[in-house]
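What follows draws every value from the coordinates through simple rules; no lab data is involved. As the structure is a prediction and not an experimental result, all values here were calculated from the model. Cβ atoms come from the backbone with ideal geometry, glycine included; neighbour counts cover every protein chain shown.
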Amino acid sequence: MKPFLLNLLACALLCCAQVTIAATMYRCGNSFQDTPCVNHSYSKTMNTAEKPANGTEAKKDLSPYVVDASCKQRGDAAKKIMWQRQVGKTKEQQLDAAQDTQTHALISEVYNHSGTILEVRNSIEQECMRQKEQDQLAEQLFLAAKKLKQRNGLSGSVNSSEVLPEQSAASKQKNN
């Protein structure tokens, strides 16, 4: 009976020890480590103790940033261009096969980047997201300027009618 209890106790301790040994891991770009990344913007915490037993949990996206659907498509297209580049296709061959100007620009952008397929794809996606943010800010500034112009246009219309006769009188005096 004693060997059975000792074996049962040993099995229970080993099972419990696995859970306590599992530590928090951090994903830093393409590598995993037990300490947070130096650059915290790319640090993604991964709990190794919380793995699903049956694998039915939905697969989580491990990208270190949020990506818009159109930027994700652009990144996937960049990945395909990089695959062709690794197979041996040159930039000129890919430009000849491209049909539109957006694809031409993407091919040139991909060939200007160096690194792995994942690094280039992430870089293209980040640049796309930055461009979208800049476009959104520019649109907000444009709308604010338009509102300001309309506001000044209503109050300025009275002033401009008063200024115009003075300017025309001053211009008549200069002409004489």
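General observations
- Spacing of the modelled spin labels on THR35 and THR101, each 7 Å from Cα toward Cβ, amounts to 5.0 nm.
- Taking amide H atoms as placed 1.01 Å from N in the peptide plane, the amide H of VAL67 has no partner under 5 Å among residues 5 or more positions away or on other chains.
- Charge tally around GLY153: other residues with Cβ under 12 Å, Lys/Arg +1 each, Asp/Glu -1 each, net +4.
- GLN84 versus ARG151: modelled label distance in nm, points set 7 Å from Cα along the beta carbon direction: 5.0
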